[in-house]
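The values are calculated or read from the model by the stated rules, or taken from the named source; none is laboratory data. Remember, predicted model here, so these are calculated numbers, not experimental data. Here the Cβ positions follow ideal geometry from the backbone for every residue, glycine too, while neighbour counts run over all protein chains shown.
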Amino acid sequence: MSNLVTKLTEAQKYAMSIRPKVGGFPVFAEVLRQAGVIMNRWTLPSCQSVYQMQGGSVLQQGTPIVSGVHEIPVFQKEKLIKALRKDQNGESYTEEYMEVHL
């Protein structure tokens, strides 16, 4: 494993270990910033994250949520806001966002 990959994965593990039930995202973002993450671009359907870091970039590929050809559902702003508020209140986890039709 490269130094950047190790640095990123260790930061992610640490951030999740100290994540408060409410307001966890700012804590997670700050830990990543301190680890040298400058930008993160995440694509939901493919579950792909690209982290631009000091010293290079890291690709993190999860399991895509679909395979084959699918119609993209219409964006539903109200459902997204509801899911975000639920997470901000400590009532859910980020994985539940995948259930929201973005």
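Of all the numbered requirements in (1) loosely packed, with under 12 Cβ neighbours inside 10 Å; (2) more than 16 Å from the chain's Cα centre (by Cα), Thr43 misses one, and that requirement is (2).
Number of residues in the range 1-18 that are aliphatic (A, V, I, L, M) and not in a helix (DSSP H, G or I): the value is 1.
When restricted to residues that are of a type in the set (Val, Ile, Thr) and in contact (Cβ under 8 Å) with a residue 24 or more places away in the chain, the range 38-65 contains 2. Among the residues of the range 38-82, what is the count of those that are aromatic (Phe, Trp, Tyr) and out of contact with any helix residue (DSSP H, G or I) (no Cβ under 8 Å at 6 or more places or on another chain)? Qualifying residue count, the range 38-82: 2.
For the range 1-18, a residue qualifies if it is at pLDDT below 95 and of a type in the set (Val, Ile, Thr), and exactly one does: Ile18.
Among the conditions (1) surrounded by 12 or more Cβ atoms within 10 Å (Cβ to Cβ); (2) touching a residue at least 24 places away in the same chain (Cβ under 8 Å); (3) out of contact with any strand residue (DSSP E or B) (no Cβ under 8 Å at 6 or more places or on another chain), Asn3 misses just one, which is (1). The residues listed here are Ala15, Ala35; of these, the one that is touching a residue at least 24 places away in the same chain (Cβ under 8 Å), surrounded by 14 or more Cβ atoms within 10 Å (Cβ to Cβ) and not β-branched (Val, Ile, Thr) is Ala35.
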